[in-house]
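K.L.:
Please read through the structure below; I'll follow up with questions.
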Amino acid sequence: MKAAVLWPFGVAQYLWAVWQSKDADVIVMSGFIEKILVTPLARLWKIPVIWIEFAPLGPVFRKFAGLPEYLYRAVLGLPATVIVPTPYTQRFFIEEVGVEPRRLHILQCARYKLNIEKYLKISPFSNFTVVCVSRMEKGKGQDLLVQAFVEVVKQAPGARLVFAGEGEFETEVRQVVAAYHLEDNVEFRGRVADPLELMARATVCVFPSVWSLEGFGLVTIEAMALAKPIVAFDCGPTPEMVENGKTGLLAEKGNVAELAQKILIILKQPHRAAELGRNAQQVYRSRYRFETIIDEYISVFAKVSNA
């Protein structure tokens, strides 16, 4: 109802914004509503448009009796190029949406001017600590990580699990912690001022997401930058970012017993953990620094604006 009432105002606002940008070489956008409204308006002034799609849109398409999908497909043929961060997202847009492969460009997300040396000077926690930085939302896997941590604590009673992030799902995760009597081993930090500082103090960073809308993993590449061993589920875009056995350890999707086993490997084999971290940092430096890939973005923008 709110969208129906505000729709004309949104059209007017974006019409004004596009008119003010009528001399632009290209318009780049990532928001869903902006794509629906701005793209056809940009066509009026013959301004080429680039979309950035971070993740598969299946769950979004199914909302409101499929209206978002209908509107999306109505303007899908207008953008000159669609940028995606991983082959995982690319496959969705080819197989499920029907975007022509030639219109898709894979350009990874990245971090810009990350001061790694600053964080490498931070002392780690004194005991074995798992850190999970993520929004508290069902599908992000915090409940699965708590279940896996039951076995971790059995074999390493002093182990700690620290969550950073906010969201309504925290209530349910706390209930799982209480059900397994892990209150002394699990800590909820909520929103933290500097998540990287917390990850820098970790023994291992775990990202247990099984979320269907996962398209990348910014905290994953941040952990890689900090030379931290990574444990995650082998699903979504994660195996395209984390090479199992080389830059991290991956468990079968949703398999909490295997997730616990991978975490314990980091605990029991510190030399291997250090090697995984070093390898991960090398990959970060070569692939996930914006300073490294910025020329690729500029090339795509230039190609579209000169077409």
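K.L.:
Please give every one of the lysines within straight-line cross-link reach of Lys262, meaning a C-alpha to C-alpha distance under 17 Å, and leave out same-chain neighbours fewer than 8 residues apart.
P.N.:
List returned: Lys154, Lys228, Lys246, Lys253.
K.L.:
log10 I(q)/I(0), Debye, Cα-only the chain, no solvent, q = 0.10, 0.12, 0.14 Å⁻¹?
P.N.:
-0.64, -0.87, -1.08
K.L.:
Scan around Val28 for amide H atoms under 5 Å from its own, H built in the peptide plane at 1.01 Å from N, and keep only partners 5 or more places away or cross-chain.
P.N.:
Counting only residues 5 or more places away or on other chains, the set is Ile50.
K.L.:
Just need log10 I(q)/I(0) for segment 116-287 at q = 0.13, 0.15, 0.21 Å⁻¹, Debye formula, equal scatterers on the alpha-carbon atoms, no solvent, rounded to two decimals.
P.N.:
At q = 0.13, 0.15, 0.21 Å⁻¹ the computed log10 ratios are -0.55, -0.75, -1.64.
K.L.:
Ranked by Cβ crowding within 10 angstrom, fewest neighbours first, how are Asp194, Asp23 ordered?
P.N.:
On the way: Asp194 11, Asp23 7.
By the 10 Å Cβ count, ascending: Asp23, Asp194.
K.L.:
Going Cα to Cα from Lys46, which lysines come in below 19 Å? Please leave out same-chain ones fewer than 8 positions away.
P.N.:
Cross-link targets: Lys22, Lys35, Lys303.
K.L.:
Using a Förster radius of 51 Å, what is the FRET efficiency between Ala302 and Val11 based on their Cβ-Cβ separation? Nearest 0.05, please.
P.N.:
0.95
K.L.:
Which chymotrypsin sites (Phe, Trp or Tyr not before Pro) in segment 165-235 sit in a loop by DSSP (not H, G, I, E or B) and have at most 15 other Cβ atoms within 10 Å of their own Cβ? Show your work: numbers first, answer last.
P.N.:
Values: sites: Phe169, Tyr180, Phe188, Trp211, Phe216, Phe233; in loops: Phe169, Tyr180, Trp211, Phe216.
Passing both the DSSP loop test and the Cβ count: Tyr180.
K.L.:
Could I ask something else about it? Taking the Cα-to-Cβ direction at Glu172 and at Ala257 and moving 7 Å from each Cα, how far apart do the two end points lie in nm?
P.N.:
Each label point lies 7 Å from its Cα, and together they span 2.4 nm.
K.L.:
Related question: Are there chymotrypsin sites (Phe, Trp or Tyr not before Pro) in segment 37-135 that DSSP puts in a loop and that have at most 11 other Cβ atoms within 10 Å, and which ones? Intermediate results must be reported in sequence, preceding the final value.
P.N.:
Numbers: sites: Trp45, Trp51, Phe54, Phe61, Phe64, Tyr70, Tyr72, Tyr88, Phe92, Phe93, Tyr112, Tyr119, Phe125, Phe128; in loops: Trp45, Phe54, Tyr112, Phe125, Phe128.
When the chymotrypsin sites (Phe, Trp or Tyr not before Pro) of segment 37-135 are filtered for loop state and at most 11 Cβ neighbours within 10 Å, Tyr112 remain.
K.L.:
Quick one: plug the Kirkwood hydrodynamic radius of segment 1-159 (C-alpha pairs) into Stokes-Einstein at 37 °C, 0.692 mPa s, and report D in µm²/s.
P.N.:
Values: Rh = 19.5 Å.
D, rounded to a whole number, is 168 µm²/s.
K.L.:
Could you grab the Rg to Rh ratio for segment 137-191? Cα atoms only, Kirkwood for Rh.
P.N.:
On the way: Rg = 10.6 Å, Rh = 11.2 Å.
Rounded to two decimals, Rg over Rh is 0.94.
K.L.:
Also, quick follow-up: Modelled label-to-label distance, Gln269 and Asp234, 7 Å Cα→beta-carbon offset: nm?
P.N.:
About 1.5 nm, to one decimal.
K.L.:
Which of the trypsin sites (Lys or Arg not before Pro) found in segment 118-176 are loop residues per DSSP with 11 or fewer other Cβ atoms within 10 Å of their Cβ? Intermediate results must be reported in sequence, preceding the final value.
P.N.:
Values: sites: Lys118, Lys121, Arg135, Lys138, Lys140, Lys154, Arg160, Arg174; in loops: Lys121, Arg135, Lys138, Lys140.
The qualifying sites are Lys121.
K.L.:
So how much slack lies between Glu117 and Ala24, counting 0.36 nm per residue of separation and subtracting their Cα-Cα distance, in nm?
P.N.:
29.6 nm
K.L.:
Could you work out how far helix 142-155 tilts from the main Cα principal axis of the chain, as a 0 to 90 degree angle to the nearest 10?
P.N.:
With rounding to tens, the tilt is 20 degrees.
K.L.:
Taking 0.36 nm per residue of sequence separation and subtracting the Cα-Cα distance, how much length would be gained by fully extending the chain between Arg91 and Lys138, in nm to one decimal? Don't jump to the answer; show the numbers that get you there.
P.N.:
Values: separation 47, 0.36 × 47 = 16.92 nm, distance 2.40 nm.
Gain on extension, Arg91 to Lys138, equals 14.5 nm.
K.L.:
Hey, another quick one. 7 Å from Cα along Cα→Cβ at both Ala179 and Glu151: what's the point-to-point distance in nm?
P.N.:
Result: 1.8 nm between the two label points.
K.L.:
Further, regarding this structure: With θ taken as phi - 60° and the coefficients 6.51, -1.76 and 1.60, list the Karplus ³J(HN,Hα) couplings across segment 107-122 in order, rounded to whole Hz; mark glycine and proline as x.
P.N.:
Each residue of segment 107-122 in turn: 10, 5, 5, 7, 10, 10, 6, 7, 7, 4, 4, 4, 7, 5, 7, 6 Hz.
K.L.:
Now a separate question. Normalise the Cα radius of gyration of segment 1-86 by 2.2 N^0.38 Å (N = residues in it) and let me know the number. Let's see the in-between values first.
P.N.:
On the way: Rg = 13.2 Å, N = 86, 2.2 N^0.38 = 12.0 Å.
Rg over 2.2 N^0.38 Å, computed on Cα atoms: 1.10.
Quick note: the coordinates plus some simple rules give every number you see, no bench work behind them. The structure displayed is predicted, hence computed values, not measured ones. Quick reminder, even Gly has a Cβ in these numbers, built from the backbone with ideal geometry, and neighbours come from all protein chains shown.
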